[in-house]
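For reference, the structure I am asking about is given below.
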Amino acid sequence: MKLAASLYADPAWLQRVVIRLVTAADLPALEWEGEYVHFRRVYARVFARMQTGQSLMWLAELPGGPALGQVFVQLHSEADPNAADGRRRAYIHAFRVRRALRGRGLGSQLLAHAEADLWARGFREVCLQVADDNPDALRLYQRLGYEIVEPVAGDWTYYDHLGHLQQISEMGWRLLKTLHTAD
Ligand SMILES: CC(C)(COP(=O)(O)OP(=O)(O)OC[C@H]1O[C@@H](n2cnc3c(N)ncnc32)[C@H](O)[C@@H]1OP(=O)(O)O)[C@@H](O)C(=O)NCCC(=O)NCCS
């Protein structure tokens with residue numbers, strides 16, 4: 001489903017956005033009409049982790065409409081417990097908002113939702129990574145209270161929808177935020 005631009009001309013759309021956990025039926029919609037088809041297996045793996053309580057996949061939408069944005073939360077990482085220890089610190093990733101809707105507050109709303117949920121689950125720190133060629137996202141995170149803790153090489157691999165191994169290098173920063181209140 002494509003975005004109908006007229007639907008979002010009224011600034012009140014943001015108040016009507018619902019943020020909810022992804023279901024199996026939502027997985028195709030997370031591919032954004034093919035833009036993120038290469039992450040099909042990654043999404044399936046994160047969804048499987050959600051079934052075992054290790055991850056959360058949040059989706060923003062207007063009821064009945066297309067996926068407008070998302071943020072994933074890793075609660076526990078065996079590979080990198082320094083990023084997500086399953087108890088106090090969680091890791092945010094795969095954070096994105098439809099291009100046409102950026103800069104209107106939806107990203108901030110998604111992060112606030114994920115953070116409030118983490119607080120309710122007893123988590124007190126949120127960790128994430130941002131590439132050094134993404135100054136807009138870095139500014140947003142810093143405005144929301146995230147602080148740079150260390151540089152990261154940002155090397156990771158995944159299998160795309162065709163089964164090809166993709167190797168990514170995104171030099172950047174690891175950021176950390178201490179949660180202080182429930183809101
Ligand atoms: C990063 C991302 C998810 C942020 O989503 P967003 O919806 O644009 O976020 P917000 O609108 O809440 O905030 C972005 C900016 O818009 C501004 N803004 C917030 N509400 C606004 C509003 N109602 N009207 C105009 N601007 C607004 C914010 O002040 C912020 O500005 P800043 O960069 O100076 O801090 C989005 O830009 C995106 O998908 N980027 C591509 C993927 C990506 O880089 N993800 C992060 C990887 S680490």
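No lab work stands behind these numbers, since they all come straight from the coordinates. What you see is a predicted model; the values in this text were computed from it and never measured. Here Cβ is always computed from backbone atoms with ideal geometry, including for glycine, and neighbour counts include all displayed protein chains.
Could you let me know the centre-to-centre spacing of region 116-183 and region 1-71, using Cα atoms, in angstrom?
Centre-to-centre distance over Cα atoms comes out at 19 Å.
Using every alpha carbon pair in region 6-68, what percent of pairs falls into each 10 Å bin from 0 up to the bin containing the largest distance?
Reading the bins upward from 0: 20, 47, 27, 7.
Which value in deg cm²/dmol, rounded to the nearest 500, describes the helix-derived mean residue ellipticity at 222 nm for the chain, given -39,500 (n - 2.57) per DSSP H run of n ≥ 4 and division by the residue count? Could you put the intermediate results ahead of the total?
Working: 3 runs with 36 residues, N = 183.
Per the formula, -6000 deg cm²/dmol.
Loop-only check: which trypsin sites (Lys or Arg not before Pro) in region 1-86 are DSSP coil with at most 14 other Cβ within 10 angstrom? Display every interim value, and only then the final one.
Numbers: sites: Lys2, Arg16, Arg20, Arg40, Arg41, Arg45, Arg49; in loops: Lys2.
The qualifying sites are Lys2.
If you project the alpha carbons of the chain onto the principal axes, what extent comes out on each, in Å, largest first?
Principal-axis extents of the Cα atoms in the chain, largest first: 43, 42, 34 Å.
Next question, about the same structure. Which of the GluC sites (Glu not before Pro) found in region 24-67 are loop residues per DSSP with 16 or fewer other Cβ atoms within 10 Å of their Cβ?
Details: sites: Glu31, Glu33, Glu35, Glu61; in loops: Glu33, Glu35.
Here the GluC sites (Glu not before Pro) that fit, given the DSSP loop and packing criteria, are Glu33, Glu35.
Still on this structure, please answer the following. What distance in nm lies between label points placed 7 Å from Cα along the C-beta direction at Asn82 and Trp156?
Calculated label separation equals 1.6 nm.
Something else: Between Gln15 and Ile148, how many nm apart are label points set 7 Å from Cα along the C-beta direction?
3.9
Could you check the spin-label model distance between Leu7 and Ser169? Points 7 Å from the Cα along Cα→Cβ, value in nm.
4.1
Using DSSP to define loop residues, name the GluC sites (Glu not before Pro) in region 64-173 whose beta-carbon has at most 12 other beta-carbon atoms within 10 Å.
Working: sites: Glu78, Glu115, Glu125, Glu147, Glu170; in loops: Glu78, Glu170.
Sparse-neighbourhood loop GluC sites (Glu not before Pro): Glu78.
While we're here: Quick one: Karplus J couplings for region 162-179, per residue in order, coefficients 6.51, -1.76, 1.60, θ = phi - 60°, nearest Hz, x for Gly and Pro?
Here the 3J(HN,Hα) series is 9, x, 8, 6, 10, 10, 10, 10, 10, 3, x, 9, 9, 10, 9, 10, 8, 7 Hz.
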